[in-house]
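Written out below as structure tokens is the structure these notes cover.
The values are calculated or read from the model by the stated rules, or taken from the named source; none is laboratory data. Since we're looking at a predicted model, the values are computed, not measured. FYI the Cβ positions are ideal-geometry reconstructions off the backbone, even for glycines, and counts take in every protein chain you see.
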Amino acid sequence: MLSGRRRRTCILDSGERELNVIVCVKRVPDTEARIRVDATGSAIDGSGIKFDISPYDAFAVEAALRMKEAAGAGEVTLLTLGDAASQETLRKGLAMGADRAVLLTGSVGLDGLATAKALAAELGASDAPLFLFGVKAADDDQQQVGPMVATLLDRPCVTGVSTFEVADGRVLCQREVEGGSESVEVGLPAVLCITKGPNEPRLAALKGIMAAKKKPLEEKAAQVVETRVRLRTLAEPPARPEGRIVGEGADAVPELVRLLREEANAL
């Protein structure tokens with residue numbers, strides 16, 4: 001259904017004041033980092049690279065925090081799969097305002113199903129009615145894990161969610177489409193994959209950073225799942241060829257048009 005509704009942030013009605021949310025996040029290289037392939041040719045060189053919460057996951061964290069603040073109650077838990085370095089990512093989310101975090105220690109590869117199974121094994125024991133994911137990770141861009149977790153746990157899933165409301169045991173999601181927005185309603189418990197919208201992630205204040213050091217961060221061994229995807233090689237993009245000067249002034253236009261049409265196939 002298409003709707004011309006005004007954009008809204010995440011809100012709850014009076015009957016959903018204790019809604020707890022789990023947000024799954026991923027540690028990825030900063031989007032402005034210069035990525036280099038390491039000597040093995042099968043991984044990136046992590047030396048000197050800043051890592052951060054994947055941007056779409058940060059939108060999901062912000063959406064959960066705003067919902068909790070609007071309700072005045074509830075709990076926001078962060079969950080990630082990764083190594084010890086992922087503690088830094090979780091602490092940043094805690095500094096933003098999340099209440100607690102869980103680190104599933106294990107390797108993260110390109111097999112989205114293996115990641116989803118490891119997360120689902122942990123999430124399956126939770127009674128939280130809402131699981132949030134970023135719509136995709138900034139490193140692999142697969143857009144798989146959230147819907148896979150929903151399928152494994154037999155929960156309805158809505159992807160590309162910019163805003164949502166929870167009321168009467170259901171969640172109404174808004175998805176941006178050309179010329180308007182699409183409304184999708186599903187029952188709780190549910191899985192939502194959040195995209196960019198009005199929930200611009202907040203910067204952690206000094207008070208939040210200090211408080212994050214004392215918030216609970218639990219480590220658990222992830223369920224071992226066989227990965228069926230292997231990364232064989234990584235390669236940097238080929239160097240861009242040098243530009244060509246075809247002439248000067250109006251006299252160069254015919255030759256430029258010819259090259260664009262016959263060589264570049266741009267016309």
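With respect to E185, is the statement that it is at pLDDT 85 or above, in contact with a Cys (Cβ under 8 Å, 6 or more places away or on another chain) and farther than 30 Å from A43 by Cα true? Lay out the reasoning, then the answer.
Details: at pLDDT 85 or above: yes; in contact with a Cys (Cβ under 8 Å, 6 or more places away or on another chain): yes; farther than 30 Å from A43 by Cα: yes.
The answer is yes for E185.
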* the stretch 93-113, residues that are closer than 21 Å to P147 by Cα, in contact with an Asp or Glu (Cβ under 7 Å, 6 or more places away or on another chain) and in a loop (DSSP other than H, G, I, E, B) -> L110
* Residues satisfying the stated conditions in the stretch 159-188, i.e. of a type in the set (G, A, S) and either within 14 Å of N199 (Cα to Cα) or touching a helix residue (DSSP H, G or I) at 6+ places or on another chain (Cβ under 7 Å) (or both) -> G160, S162
* Asked: Which one is nearest to the chain's Cα centre (by Cα), of the residues in the stretch 127-183 that are under 30 Å from I35 (Cα atoms) and polar (S, T, N, Q)?
  -> Q143
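Go through A116, A128, A121, A64 for me and flag whichever is in contact (Cβ under 8 Å) with a residue 12 or more places away in the chain and in a loop (DSSP other than H, G, I, E, B).
Unique residue meeting the criteria: A128.
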* Failed item, numbered, when I209 is tested on (1) under 18 Å from I22 (Cβ atoms); (2) touching a helix residue (DSSP H, G or I) at 6+ places or on another chain (Cβ under 6 Å) -> (1)
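Provide a single number: the residues in the stretch 232-267 that are touching a residue at least 24 places away in the same chain (Cβ under 8 Å) and exposed (fewer than 11 other Cβ atoms within 10 Å of the Cβ). I'd like the intermediate steps shown before the answer.
Filtering the stretch 232-267 for residues touching a residue at least 24 places away in the same chain (Cβ under 8 Å) gives 232-236.
If we keep only those that are exposed (fewer than 11 other Cβ atoms within 10 Å of the Cβ) too, we end up with 232-233, 235-236.
Final tally of qualifying residues: 4.
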* **Residue that is over 16 Å from V61 (Cα atoms) and buried (at least 19 other Cβ atoms within 10 Å of the Cβ), where the choices are V145, V191, V161** => V145
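With surrounded by 10 or more Cβ atoms within 10 Å (Cβ to Cβ), small (G, A, S) and touching a strand residue (DSSP E or B) at 6+ places or on another chain (Cβ under 9 Å) as the only criterion, which of A222, A205 stands out?
On the way: A205 fails: touching a strand residue (DSSP E or B) at 6+ places or on another chain (Cβ under 9 Å).
Testing whether each residue is surrounded by 10 or more Cβ atoms within 10 Å (Cβ to Cβ), small (G, A, S) and touching a strand residue (DSSP E or B) at 6+ places or on another chain (Cβ under 9 Å) leaves just A222.
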* To do: For L90, state whether it is of a type in the set (A, V, I, L, M, F, W, C), assigned to a helix (DSSP H, G or I), in contact with a Lys or Arg (Cβ under 6 Å, 6 or more places away or on another chain) and touching a residue at least 24 places away in the same chain (Cβ under 8 Å).
  => no
